[in-house]
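Asks: My structure is below; once you've seen it, I'll send some questions.
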There are 2 protein chains.
Amino acid sequence: MIELLPGTLDSQLQRDTEFTHFEYFTLAMLSEAPERKLRMTALSGATNSSLARLSHVIARLEAKGFFARTPCPEDRRATNASLTDQGWQKVVASAPGHVATVRDSVIDVLDAGDVADLDRIMGRILSRLYPTNRLRSWGVE
Amino acid sequence: MIELLPGTLDSQLQRDTEFTHFEYFTLAMLSEAPERKLRMTALSGATNSSLARLSHVIARLEAKGFFARTPCPEDRRATNASLTDQGWQKVVASAPGHVATVRDSVIDVLDAGDVADLDRIMGRILSRLYPTNRLRSWGVE
DNA sequence: CGCTTTTAGTTGTAGCGTAAATCATTCCGT
DNA sequence: ACGGAATGATTTACGCTACAACTAAAAGCG
C-alpha cells in the first residue's frame, strides 16, 4: 500500500494537472483558508511539511504564477503565502479529477462498513504517528 | 497517512541501518529467495518497482558490498542479483528494529478486530491498484 | 537597554525516483 | 533463416526532498 498508493495518486495528478500530490495538497489547503492566505508556518502545519520543503514548493509555484508571497506587516520575519486567481482556478479545475481517482482506487472498492472501519483504524494509527495532531482528521480532502 | 507513514518508517531505517525503506525491502525480498538470488526482472516484480529504479538501487548497494550482479548463463540479456554474506548479515541485523517500528506505529494501536478489518480492506484496495497481483499478500514482511 | 535565544524563513547541496533514450539479446512469423 | 518486434537491463537527465547552514527579526532576561 505504502509503495503503491502514493504513486497511483501522483501519476494521475502529474498527468492531468502537472502537480505533485504535495503541490496539489498545498494549493488545496490554501484554497480553504480565509482570504486564501496563510503564513508559511501555518501552511506547513496544515500540510504536515517542513518549512524548507514548503519554501521550495512555494518558490516553484510562485514562478509559475499560482502563489504570491508578501511580507507580513505585523511580524517582519513572517511571510504570507496566498493563492493567485490563476492558482484558485487551477485548484478548481484539478479537484474533480483527483477526487475521482481517489474514489475509484480506494472508496469504490469498499462497502459502507469498510469505510467506517478504515476511518476508525486510520484515526488510531494517525494519533500514534502524530500525537500533536495538526493534521485535521475532519474534512481534509 | 500517505504523507506520514512512509516518512516514519524511512526515518527509523535511515537512522539505524542507513537504508531506505525500499532498499531494505529489496534486501529482504532477495533474502527470502532460493539461494538468495533472483533475476532483476523477478526482483522488480517482488518489490513492485520499475527495472530502472531497481537497477539504480542495486548499483548503489553493490558498490557498498551488499549485492552482487552476475550475468545469467541461460539468457544473456538477463542479470542475476544475489545477496552477499555481508548483505545477508545486514538484513538479519536490520530486521528486528524495523519490525519493532512497524509494530509500534501501526499494529500495537489496533486490537485484533482492527487488524482483521485492516487486512480485509487493504486486500480490496490492493486488488484494485494492482489487479495482476505480483505483490504477494501473504507473508511479505 | 544590551545580549542571548528562539522563531520565521530561505538557500545550497547531495541523494533518490521517474521518464526517456539506448543497447543487447531473444522470440517469432513467414 | 532472416528481419522486425519484444524483452532484459542500464544510463542519462532532470525534478523533488531532506538536511544542514545561514540570515533576519522578535522575545526573553538580567
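Asks: In the stretch A:61-84, what residues are within 10 Å of DNA strand D (Cβ to nearest atom) and either assigned to a strand (DSSP E or B) or touching a helix residue (DSSP H, G or I) at 6+ places or on another chain (Cβ under 8 Å) (or both)?
Replies: Listed by number, the residues that qualify are A:L61, A:P71, A:A78.
Asks: Follow-up. How do the pairs read when you match residues in the stretch A:67-89 that are away from chain B (no Cβ under 14 Å) and in contact (Cβ under 8 Å) with a residue 12 or more places away in the chain with residues anywhere that are in a loop (DSSP other than H, G, I, E, B) and away from DNA strand D (no atom under 14 Å from the Cβ), using Cβ under 9 Å and keeping only pairs 6 or more apart or on different chains?
Replies: A:F67/A:T84; A:A68/A:T84; A:S82/A:A33; A:L83/A:A33; A:T84/A:G65; A:Q86/A:G65; A:G87/A:G65
Asks: Moving on to the next point. When you look at A:L38, is it under 20 Å from A:G97 (Cβ atoms), crowded, with 17+ Cβ neighbours inside 10 Å and in contact with a strand residue (DSSP E or B) (Cβ under 8 Å, 6 or more places away or on another chain), yes or no?
Replies: Answer is no for this residue.
Asks: How many residues are away from DNA strand C (no atom under 11 Å from the Cβ) and either among the polar types (S, T, N, Q) or under 12 Å from A:E23 (Cβ atoms) (or both) when one looks only at the stretch A:61-91?
Replies: Selection size over the stretch A:61-91: 10.
Asks: Related question: Restricted to the stretch A:91-119, and to residues that are of a type in the set (D, E, K, R) and touching a helix residue (DSSP H, G or I) at 6+ places or on another chain (Cβ under 7 Å), which residue is nearest to B:L110 (Cα to Cα)?
Replies: Here the residue is A:D117.
Asks: Oh, and also: Quick one: in the stretch A:13-22, of everything that is in contact with a helix residue (DSSP H, G or I) (Cβ under 6 Å, 6 or more places away or on another chain) and crowded, with 18+ Cβ neighbours inside 10 Å, which residue is farthest from the other protein chains (Cβ to nearest Cβ)?
Replies: A:T17
Read-outs throughout are calculated quantities, based only on the coordinates presented, and are distinct from any laboratory measurement. It should be emphasised that the depicted structure is a prediction, and the values quoted were computed from it without experimental measurement. Backbone-built Cβ (ideal geometry, glycine too); neighbour counts: all protein chains shown.
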